[in-house]
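This report concerns only the one structure given below.
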Amino acid sequence: MSRGNPLFEVELERFRYSGDGDDTLAGIGLSLEAGSLTVIVGDSGSGKSTLGAVLCGMLPRHDGEELEAVFEIQGQTIRHGTGKSVRIDPVGWARHVGMLPQDARHYLSGVRETVAEELAVGLENAGVPRAQMHARITALAHRLGLGELLDRDPETLSGGQERLVALAALTLDGAPVLILDEPLAGLDAAASARVAALLQQLRAEGTALVLLTRAVDGSVDGADHMLRLRAGRCESVPGEQISIPRNEVSAPDRRHSPGTAALLEFSAAELGYPGSAASAVTGLDLLVHAGECVGLAGPNGSGKSTVLKTAAGLLNLRAGVLRQGTKRGAGVGLLLQNPADQLFERTVHREVAFGLPRSTAVKIPEVLESLGLAGTGETHPYELPAAARRLVALATVLIRRPALLLLDEPTEALDAGGLEVLRAVIGKVLDRGGAVLIASHDEGFLIGVAGRIHRMQPVAQAAR
């Protein structure tokens, strides 16, 4: 343990999930001083999210999970050992160590009617006076560019907006130690810059930060400690020795030839959500032909996901024209931004097989193998790493061989191997005469795989 006065210290000997033959984490020591930034970089499956859950007191949570560790927190020493049951106060722990999970939605209550009410949850529980609460929420919303969202229903937010709201709520709760799992995932460049500035301000005010990430970016500038997590074990490395994953590939394969069939067409289209008077997208003109991959780019809240959901039939067109053409009756397949919205069965095989005729279900092992998921058929989807869950959700779409494949932020949580799998999937769809429409903030990936990029703006900006 450190000789100073750190806010939080951990000596983690080992952690193992129930039923596993190997430790998920082993031999990890952390000492977090006030204002420090510790960056832990690891690929999918390296144990980053598990480490975050251990640090914030969420693991172990089931019988059979084994944790051997010593925590120094708020002047208390907490020892976990094999065969030793340790009771902790999760509320008290959360006041000292807060966590933004990879699925940011899990941090939100899900029961408040507006973003402002959602941000007030922690402050209300702490008994903050209403006037002070309003001032703090307004100031932070301004810093993160959330001012126009305060009166919105949280259920109508884009994935990136949802992450910003969750981060704001976590920040307002005021824990002196924050664990952030992929804090910039799904954010546009402007939002990422605002988050990076907020993190610097938090450090200046004495908050200790731990960033769990697969990619090194601007949010890690000035890090005190850079750690590489491999197979559950950490090693300290100089920042310059950590490679930055880049999603660019060689020049895009522009497979579309003029005159091929249009598989999707929006003309002067107006799109929106039930119960909302305002339209999320107006004046949309977009044409996607067979054999081409088209990118959808634009800031958070510009309506990219709305376009995909409308194309998939999940939302009704408000005005304008929507035409779809498919080959041999094949349909449209949509990969949602959040795999949790798409996964509900007990095993991977049951998930992919849901609703399929037997003649198609026999192809499941082949599809899983093509996505690097061989051997996961009897595994519960939520026992897999985030990247693998995203690929399972993709398998549920690909098994139906859609002519038009719609992908919403498909690169989130994917490491280099996962990105190669995704590129191969796109190539196969195009090779068989299908089309792909990708909504993403990952400009490098879009430039590499899309023949062209359609750029969108929020309705308020587009009208200016």
For segment 57-83, what are the residues that are in contact (Cβ under 8 Å) with a residue 24 or more places away in the chain and of a type outside the set (Asp, Glu)? Gly57, Met58, Leu59, Pro60, His62, Gly64, Leu67, Ala69, Val70, Phe71, Ile73
Go through Ala319, Ala311 for me and flag whichever is more than 22 Å from the chain's Cα centre (by Cα), in contact (Cβ under 8 Å) with a residue 40 or more places away in the chain and under 29 Å from Gln102 (Cα atoms). Ala311
Would segment 398-410 turn up any residue that is within 16 Å of Gln342 (Cα to Cα) and part of a helix (DSSP H, G or I)? yes
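Return the only residue of Leu405, Leu373 being assigned by TED's automatic domain parsing to the domain that holds Gly433 and in contact with a strand residue (DSSP E or B) (Cβ under 7 Å, 6 or more places away or on another chain). Write out each step before concluding.
On the way: Leu373 fails: in contact with a strand residue (DSSP E or B) (Cβ under 7 Å, 6 or more places away or on another chain).
After ruling out the rest, the residue left standing is Leu405.
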The residue that is nearest to Ala262 (Cα to Cα), considering only those in segment 301-351 that are buried (at least 22 other Cβ atoms within 10 Å of the Cβ) and out of contact with any helix residue (DSSP H, G or I) (no Cβ under 9 Å at 6 or more places or on another chain), is Ala311
Taking Gly433 as meeting all but one of (1) within 30 Å of Ser359 (Cα to Cα); (2) of a type in the set (Gly, Ala, Ser); (3) in contact with a helix residue (DSSP H, G or I) (Cβ under 9 Å, 6 or more places away or on another chain), write down the number of the exception. (3)
What's the number of the condition Asp221 fails, among (1) in contact (Cβ under 8 Å) with a residue 40 or more places away in the chain; (2) exposed (fewer than 14 other Cβ atoms within 10 Å of the Cβ)? (1)
Residue check, Glu113 charged (D, E, K, R) and surrounded by 21 or more Cβ atoms within 10 Å (Cβ to Cβ): no
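For segment 1-95, please list each of the strands (runs of 3 or more DSSP E) lying entirely inside it that holds at least 1 residues being assigned by TED's automatic domain parsing to the domain that holds Glu205, surrounded by fewer than 20 Cβ atoms within 10 Å (Cβ to Cβ) and at pLDDT 90 or above. Outline the logic, then answer.
On the way: elements: 8-16, 25-32, 37-41, 66-73, 76-80.
Passing ranges, in order: 8-16, 25-32, 66-73, 76-80.
Considering only residues of segment 396-420 that are of a type in the set (Asp, Glu) and buried (at least 21 other Cβ atoms within 10 Å of the Cβ), which is nearest to Phe354 (Cα to Cα)? Outline the logic, then answer.
Pass one, segment 396-420, residues of a type in the set (Asp, Glu): 408-409, 412, 415, 420.
Filter once more, so that each one left must be buried (at least 21 other Cβ atoms within 10 Å of the Cβ): 408-409, 412.
On the way: Asp408: 21, Glu409: 23, Glu412: 24 Å.
The qualifying residue nearest to Phe354 (Cα to Cα) is Asp408.
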Can you tell me which condition Arg255 does not meet? The list is (1) modelled with pLDDT under 90; (2) crowded, with 17+ Cβ neighbours inside 10 Å; (3) within 30 Å of Gly145 (Cα to Cα), and all the others hold. (3)
Quick one: is Leu394 assigned to a helix (DSSP H, G or I) and touching a strand residue (DSSP E or B) at 6+ places or on another chain (Cβ under 7 Å)? yes
Criterion first (hydroxyl-bearing (Ser, Thr, Tyr) and farther than 25 Å from Leu286 by Cα) does Thr396 satisfy it? yes
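The values are calculated or read from the model by the stated rules, or taken from the named source; none is laboratory data. Predicted, not measured: the structure shown is a model, and the values here were computed from it. Cβ atoms come from the backbone with ideal geometry, glycine included; neighbour counts cover every protein chain shown.
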